[in-house]
Structures are given as structure tokens and as C-alpha cells.
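We did not get these values from a lab; they are worked out from the coordinates using the rules stated. Since the model is a prediction, treat every value here as computed from it, not as a measurement. Cβ atoms come from the backbone with ideal geometry, glycine included; neighbour counts cover every protein chain shown.
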Amino acid sequence: MNEWMDAEGHVERAHKLFEDGRWAEAEGALREAIAINPYRAEWHFNLGLTLEAAGRYEDAVRAFTDCHQLQEDDPQVPPIIGVNLLRAGKPQDAIGWLERAEKLAPNEASSFVHRIEAYTRLGDHEQAEVMFYLAQQCDPKNPDAYALLADSLLSRGMHEKAVWCLREAANLDPGMPGVHARLGEAYAATGRHERARQLYLRELRNNPGDVETLLDLGCLLMQMHRVPEAGEKFRRVLELESDNPDAHFYLADLADRQGYSDAAIEQYDVVLRLDADFGAARRRAAILRLRRGAAGDDAAAKELIDQELEDYAHAPERFTPGDMAELGRLLLDADEPVHAKRVLQRLSETTPEDPSAVHLYAAALFESGDRAGGIEVCRRVLKLNPKHVAAMHNLAIANVQEGQWAKARYWASQALLVEPDDAALRHLRLKLRLHTIAELVMWITRPILRVFSRRRRNPSPSSTV
């Protein structure tokens, strides 16, 4: 009997510790109670809530699952397991638990609402929309359903529809956390930067310490070329979180844009001390060191490039198309065309409809000595964009190297029709014209040279007496 009373005492202490935000101590007290009596479903549930509050979502899932096994008919447990699986980055597993939640409470909208998020993360946007309409049948004024559908629409580039959904969410729940910031993101994506700025500021009036909104507003101000204001927002983040790597990264980017490469390199080094796996900071720091070329820069850049290549080899799927393009350019600048070719081939396969991405692969092929492959890929680029000047320029140069002067002249003239003031193209045109003149001179003088050569071989008899 004393053990049972001790267990109840541990649970009461855990409640007080939870209210004080002392998650680790609350967890310890609950585990002591569960060790004495593991058959109380509500104690496992409370442990799950404590672990969830501490941000330990996978551990929370295990605790909630133990609760569910003891009380399978409790309708509140499956949806909370699904939510924590979503937070733990496991949307596919979340769907199974949310389907169980639907069976236990078919008229509740929450199981459908959270499946909008799960299917969006999996890229199954058609099912995300189905879940939205099912949620509306249960609760036509559910603001979360509109907000989560907006995420699906934004990921597909359907910005105007996303704006409409977020406006509906904001009308239904003006106090929804982050709704004005997300609406600002949607407006920014449509190019309405001033409206987006106002919405970010509105969000910050409600929550001045919202670091994510401050960062997003800073990035928007950079797009608007309001550099001093952008820097102010990033420094404000550092006042709130001095070790925030994103804020240091954006300050480094600002310094680079303003031409302060030394300051930018120092900031990127700070980012990498805070987060050694910050790939974008590694790439930018390597680019700047190669460009600066001071003592030790080449070796430092090589080390950064090697680290980035190692990360790419282990998990290429973690690299976005933008990451791969930046890494490919860095490798070309570092005279590593073989590695660049591998990275940029994957980029061209990932985004086969993007002429700029495909052209980067062509550049890597040319740099690695595969002229035929480069020519073939440049032709693919021109099928995607018939006015792609860089592809035409490269084709002209490749044909010069192949001795195909007529084809070279054709591609140079086509490129100049698009960019008549391009200095490199005008220089190439001059070179081609000089070659044409040389060919003409050779064609005119060839018969004279043949006669002269014949006379030297067969001199005529002397006419002197």
C-alpha cells in the first residue's frame, strides 16, 4: 500500500514540476511512479505530454503508445501520437495513427486536418486537398485546415490560392500564431513585397521576439535592397539568440554583397563554429577564399570543399537544386571539373526542364574535356530555351575548337542577335571575322602560290646570250 501512495506522490510532484517548466525533473518523477505501477494509462499520457513539451517527440510517441495499449478506446491518444510523429519528421507513420483517430472519432476534424500536413510533406498534394474537403465537412470554419492547405499550395507555386486560404484562416482566427507571417511569405512570393513587409511587421507587433519572422523580414528587406534595415533585423535576432547561425549567415551574405569579403569570411567562420554542418556557409566561405587568394586561403577552401563533397557523397538527397548548383559552380571555380560533372549531372536529372541547371552540366562536360557531350547537352538547353546566350556562346567556342568555323559563326551571330552588347561575344565575332579574312586571302593567293611553287621546281631556260 505504501508503494502505491509513493507513486501517487511522485505524480503530484510531477504535476507541479510540469507547471514550473522543469521538464526533466517532471519526467523523472513520472518514471518513478510508472516503475511502481506501470498500468495507469493516464500516467503514461502525462509522461508523453512532458516529453512533448521538452521537444522530445519520438520519446513522447513511445509514452503515448504505452498509454494507447492500456486504453485503446481513448479517442484523444491516436491523434496526439500522429501529431508527434509529424513533429518527429515521420509523416507516413503519422497517417496510420490519424486514420485510427478517424475511426474512433469520425466526426472530429482534427484527424483530417493533420493529414493535410502529412500528405503535403510527402508531396501527395491531391490527397492533401481531399483531407481538406473532408475536414470542411466536419468543421467548415476550421482555420488550421485553411492554413495547412496554404502550405500545400505554396509548395506547388500556387501563390494566389495560398493567399486566399491564409486570408480565410486569419479571418477565422486573427490570433492564430504565425498566420500574418505566412501570409507575408505568400505575398512576397507573388512579388508584392511592400504588402508582405507590412504583414511581417504586424506579426512582430503581436510577437516581437519571433525569431523566424525577424529572419524572414530581414530576407525580404534584402530583396527590396533595403540593406541597413535588413542588417538591423538580423542583429535584433542576435540580441535574442546570440548563437543563431542563420542570423550570422545572413549578416555574412550582406557583407559579401557590399563588397566586404574579409568581414563576410569572418562571419561565415562564426556560422561554421556554431553549426559545422551548415553547407551553404561552407560553400560561400570557400568561394570567397578562392576569390581572395590570401595566404592559406587555397588550403582552407580545399578543406571546406572536401567536407562538402563528403556530405554530398553520404546524402545527396539532402541537397536542394540550389545547393547542387552552388556546389557545382564552386567545384568549377576550384578546377575540379570531374567532381562538378557528377554533381551537375544529378542536378540536370533532378530539374530537366531548367535550362540554367542543364547548362551548368554542359559547362562541366566542357571543362572535363568531354566536348562532344558538352555540345549535345548545349543543344538540349536550346530546345528548352532557344535564346539561351551562354549555350550558344559555348557551342560557338566548341565548334572553333573542332575546326567547324561555319557553325561557330552561325552560333556567334545567333547569340549576338539576343545580346548585341555582350563583350565576350563581340570579341569572338572579331576573331571569327579575322579567320574569315585569312581564309579569303588564302583562297585568293592559292593559285599564285601554286604557280610560284611550280616555277621553283621547274625553272625556265635562261634567255641571256
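Taking the stretch 57-163 as the region of interest, the helices (runs of 4 or more DSSP H) fully inside it that hold 3 or more residues being of a type outside the set (S, T, N, Q) and under 30 Å from TRP23 (Cβ atoms) are 57-70, 77-87, 91-104, 110-122, 143-155. Is it true that LEU104 is surrounded by fewer than 20 Cβ atoms within 10 Å (Cβ to Cβ), more than 30 Å from the chain's Cα centre (by Cα) and over 21 Å from GLU72 (Cα atoms)? Taking the combined requirement at face value, the residue does not satisfy it. When you scan the stretch 233-256, do you find a residue that is crowded, with 17+ Cβ neighbours inside 10 Å and more than 25 Å from GLY209 (Cα to Cα), even just one? So far as the stretch 233-256 goes, yes, one or more of its residues are crowded, with 17+ Cβ neighbours inside 10 Å and more than 25 Å from GLY209 (Cα to Cα). Against the list (1) in a loop (DSSP other than H, G, I, E, B); (2) within 15 Å of ASN142 (Cα to Cα); (3) free of Cβ contacts under 8 Å to residues at least 24 places away in the same chain; (4) not small (Gly, Ala, Ser), the condition PRO208 fails is (2).
For ALA169, are the conditions met, namely being buried (at least 22 other Cβ atoms within 10 Å of the Cβ), small (Gly, Ala, Ser), part of a helix (DSSP H, G or I) and at negative phi?
Yes: the conditions hold for ALA169.
Scanning the stretch 69-85 for residues that are surrounded by fewer than 21 Cβ atoms within 10 Å (Cβ to Cβ) and over 17 Å from THR50 (Cβ atoms) yields GLN69, LEU70, GLN71, GLU72, ASP73, ASP74, PRO75.
So which of GLU168, GLU241, GLU160 is closer than 30 Å to LEU274 by Cβ and acidic (Asp, Glu)? Answer to the check: GLU241. Close contacts from the stretch 91-102, counting a first residue that is without any contact (Cβ under 8 Å) to a residue 12 or more places away in the chain and a second that is surrounded by fewer than 22 Cβ atoms within 10 Å (Cβ to Cβ) and part of a helix (DSSP H, G or I), with Cβ to Cβ under 7 Å and a gap of 6+ residues or different chains, come to none at all.
May I ask you to verify whether GLY259 is closer than 27 Å to MET176 by Cβ and outside any helix (DSSP H, G or I)?
It is false that GLY259 is closer than 27 Å to MET176 by Cβ and outside any helix (DSSP H, G or I).
On the stretch given as the stretch 334-366, residues that are surrounded by fewer than 22 Cβ atoms within 10 Å (Cβ to Cβ) and touching a Lys or Arg at 6+ places or on another chain (Cβ under 8 Å) total 1. Beta carbons closer than 8 Å, at least 6 apart along the sequence or on distinct chains, pair a first residue in the stretch 407-420 that is closer than 12 Å to ARG433 by Cβ with a second that is of a type in the set (S, T, N, Q) for ALA408/ASN399; ARG409/THR436.
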